[in-house]
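Just so it is clear, none of the values below were taken in a lab; they were calculated from the coordinates. Because the structure is predicted, anything quoted here is derived from the model rather than measured.
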């Protein structure tokens, strides 16, 4: 029998109505949303279930909303007794993974990601930062192109190494626009500008990371019950102090998702369970290794029938 990894999606996976089915059907899932409303002091659940989508897409709202939906689906799955050998999350999803591993309480996590979203939105004035998805480029060649552009035109860096043929770059408006124009120099087919509120996972986010670090000092981090494979190193971390430090670095460092998935597969993981809205990670993992089993827990039905 192979090993199981629980994986949790990040920003971009959100959808109005996510989690409503488990909220209506399961007291353990309803309690998660109710606790989120209480901790944040506003009706997050109403925004998640009813929208409008334009408000849900605001980073300061998206991050607590996605975390809450993921934890609500996680509680639905826990009732079936399914346990992971590893957990991991994509960017924001790392906080859901830390809740799953018992490192953070949901209450602390939802408070933190609300602040994290605000700090990230406020770190760079609107219109000065950008991100783009680059398709078909080789990682080292794209990194070299970014270095060249950063020296002359404007800062741009690798932000999300997602899967073969899909890497997101982030940085200044001028730097990202230059990558879009010169993508073929790195062997890429094309680059698609993304609708985001800031240059996430670039060094332009260091101010946000500093502000987050100050908040993290007030939070209790527990030793994980299962290994957490983190974005910054694509390796498991078990020391609470190191997890704390890596959450700060994660804000301005690339998300090494491709590497994280490959590491887990090398350790015997043959089943990945994506828990939360959508199926973004399932699609990425399929491009990394078609042989692994993929399970989506993004509805009440899937939570009840997948095992």
(request) Note the full-extension length gain between residue 210 and residue 55 as 0.36 nm times their separation in residues minus their Cα-Cα distance, in nm to one decimal. (result) 53.2 nm
(message) What do you get for the angle between helix 173-182 and the principal long axis of the chain? Use alpha-carbon atoms, 0 to 90 degrees, nearest ten.
(response) 70
(request) Pick out which of 101, 141, 191 has the largest mean-square fluctuation in a Gaussian network model of the chain, springs linking Cα atoms closer than 10 Å. (result) 141
(request) With the convex hull built on the Cα atoms of the stretch 129-196, state its orientation-averaged projected area in nm². (result) 3.5
(message) Run the helix sum for the chain: -39,500 (n - 2.57) per DSSP H stretch of 4+ residues, divided by residue count, reported at 222 nm to the nearest 500 deg cm²/dmol.
(response) -14500 deg cm²/dmol
(message) Over the stretch 163-223, what portion of Cα pair distances is larger than 14 Å, expressed as a whole percent?
(response) 67
(request) Please give the helix 240-250 orientation as an angle from the longest Cα principal axis of the chain, in degrees from 0 to 90, rounded to the nearest 10. (result) 40
(request) Would you mind checking the radius of gyration and Dmax of the stretch 163-307 based on alpha-carbon positions, in Å? (result) 17.6, 49
(message) Nearest 5 percent is fine: what portion of the DSSP beta bridges confined to the chain is antiparallel?
(response) 55
(message) Which of 208, 130, 13 ends up with the largest GNM mean-square fluctuation for the chain, with Cα atoms connected below 10 Å?
(response) 13
(request) State log₁₀ I(q)/I(0) for the chain at q = 0.12, 0.16 Å⁻¹ as given by the Debye formula over alpha-carbon point scatterers of equal weight, solvent excluded. (result) -0.75, -1.34
(message) For the chain, set up a GNM with springs between Cα atoms under 10 Å and report which of 91, 277, 148 has the largest fluctuation.
(response) 148
(request) Taking the chain as the reference, fit the longest principal axis to its C-alpha atoms, fit the long axis of helix 27-40 to the helix C-alpha atoms, and give the angle between the two in degrees, 0 to 90, nearest 10. (result) 50
(message) If I take every Cα pair under 8 Å that is 6 or more residues apart in the stretch 129-196, average their sequence separation and divide by the length, what percent do I get for the relative contact order?
(response) 47
